[in-house]
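To start, the structure itself, in structure tokens.
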Amino acid sequence: MLTYGGCLCGSIRYKYSAEPTAKVLCHCSDCRKISGSNYSVNFLIPEAAFQVTSGTPKVFGKVADSGDTINSYFCGDCGSMMWRESANCGPNKVVKAGTLDGGGEIISAAVFDAEVFTRSRVDWVQPLIGVSQRVSE
């Protein structure tokens with residue numbers, strides 16, 4: 001199974017060859033800022049199965065409330081943020097599902113494992129039924 005994705009302008013392309021270890025909605029304030037929306041849709045992909053196939057992303061590091069550094073990888077041309085890495089997520093890339101080719105169909109078909117940072121969820125967004133709800137990570 002190969003899945004492809006990239007930034008809006010096409011300068012950065014990536015692929016992965018494994019099923020996500022988890023599919024998670026994140027309601028933290030950082031994900032709000034980087035997505036420009038109320039939450040982000042994330043697929044955790046094992047590092048060993050992930051590969052940048054073209055371009056060189058820029059990296060922005062930020063120290064989270066946990067004290068861990070979260071590195072965000074984005075396109076320096078169009079600004080699309082494509083994935084993040086942190087010690088908290090282990091040996092996984094946290095891929096922003098909206099950057100996947102065919103992302104609409106992939107996201108629609110996804111069965112989510114958890115919603116995280118739900119204490120920050122906006123009031124008018126309802127919890128996903130049957131999905132683990134975590135106040136923080």
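The values are calculated or read from the model by the stated rules, or taken from the named source; none is laboratory data. Everything numeric here is computed off the predicted structure, so don't read it as measured data. All Cβ positions, glycine included, derive from the backbone under ideal geometry; neighbour counts span all protein chains shown.
Overview of values
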| item | result |
| --- | --- |
| Number of positions in region 35-47 that are touching a residue at least 12 places away in the same chain (Cβ under 8 Å) and surrounded by fewer than 17 Cβ atoms within 10 Å (Cβ to Cβ) | 4 |
| Single residue of region 48-75 satisfying the filter (free of Cβ contacts under 8 Å to residues at least 12 places away in the same chain and in contact with a strand residue (DSSP E or B) (Cβ under 6 Å, 6 or more places away or on another chain)) that is farthest from Ala18 (Cα to Cα) | Val63 |
| Residue in region 92-111 that is touching a His at 6+ places or on another chain (Cβ under 9 Å) and either surrounded by 14 or more Cβ atoms within 10 Å (Cβ to Cβ) or of a type outside the set (Phe, Trp, Tyr) (or both) present | no |
| Identity of the residue in region 81-92, under 12 Å from the mean Cα position of the chain (by Cα) and of a type in the set (S, T, N, Q), that ends up modelled with the lowest pLDDT | Ser86 |
| Selection count where residues are over 12 Å from the mean Cα position of the chain (by Cα), modelled with pLDDT under 95 and outside any strand (DSSP E or B), scope region 29-78 | 10 |
| Tally, over region 17-39, of residues that are closer than 19 Å to Thr3 by Cα and not acidic (Asp, Glu) | 7 |
| Enumeration of residues in region 93-113 that are part of a strand (DSSP E or B) and at pLDDT below 95 | none |
